[in-house]
Amino acid sequence: MKIFQSSNIKYLGVLIDSHLNWKDHTTSLTAKLARANGIISKLRHYVSTKTIVNIYHALFHSHLQYGCQLWGLTDNTISKPIFVLQKKALRLITFNTLQCPSSPLFSDLKILKIFDLVKCLKVKNNNQ
């Protein structure tokens, strides 16, 4: 049996690359989150805001939260596209334009920004 060197490996749903910069994982994650945004943009016309927020938590937030303590502590240039998709999701949910400020939307919908989520989970795990 031969063992070959690989540039990345998928372990428990997280893509770990040879340099531990999480670029491969965040690229894969942005594709999943963009698909979730597509679903949200279609469904928002047919369901209530409460239901679409629940769909956001099921399709978007679940992918966002999984492993974010690993890749979320990296350079902001790697995690910024994910934050942009998160802001877009909230604007889709609330039928706002892309130029609308996102901070009020986060507080209105009671959703944490990805950077705040990482900090919150880090503090939670440090206290255990």
Practice task
Test each condition in (1) surrounded by 15 or more Cβ atoms within 10 Å (Cβ to Cβ); (2) closer than 19 Å to Ala34 by Cβ for Thr74 and report the one that comes out false.
Solution key: (2)
Practice task
Could you list, in sequence order, all residues of the stretch 64-90 that are in contact with a Gly (Cβ under 9 Å, 6 or more places away or on another chain) and either in contact (Cβ under 8 Å) with a residue 60 or more places away in the chain or not hydrophobic (A, V, I, L, M, F, W, C) (or both)?
Solution key: Tyr66, Gly67, Ser79
Exercise for the section: Tell me the helices (runs of 4 or more DSSP H) entirely within the stretch 1-99 that contain at least 1 residues that are closer than 20 Å to Lys122 by Cα. Expected result: 23-43, 62-65, 68-71, 76-93
Exercise for the section: Could you grab the pairs with beta carbons closer than 9 Å, sequence gap of 6+ or different chains, first residue in the stretch 101-124 and part of a helix (DSSP H, G or I), second one of a type in the set (Lys, Arg)? Expected result: Ser103/Lys113; Leu105/Lys87; Leu105/Arg91; Phe106/Lys87; Phe106/Lys113
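Within the stretch 6-57, how many residues are aromatic (Phe, Trp, Tyr) and surrounded by 13 or more Cβ atoms within 10 Å (Cβ to Cβ)?
The number of residues fulfilling the criteria is 2.
Scan the stretch 100-112 and give yes if some residue there is among the charged types (D, E, K, R) and surrounded by fewer than 17 Cβ atoms within 10 Å (Cβ to Cβ), otherwise no.
Taking the stretch 100-112 as the starting set, the residues that turn out to be among the charged types (D, E, K, R) are 108, 110.
Now narrow it down to the ones that are surrounded by fewer than 17 Cβ atoms within 10 Å (Cβ to Cβ): 108, 110.
Yes, because at least one residue in the stretch 100-112 is among the charged types (D, E, K, R) and surrounded by fewer than 17 Cβ atoms within 10 Å (Cβ to Cβ).
Every number here is computed from the coordinates shown, using simple stated rules; none is lab data. Predicted model, so just to flag it, every value in this text is computed and none were measured. Because the Cβ atoms are built from the backbone with ideal geometry, glycine has one as well, and the counts that use them run over all protein chains shown.
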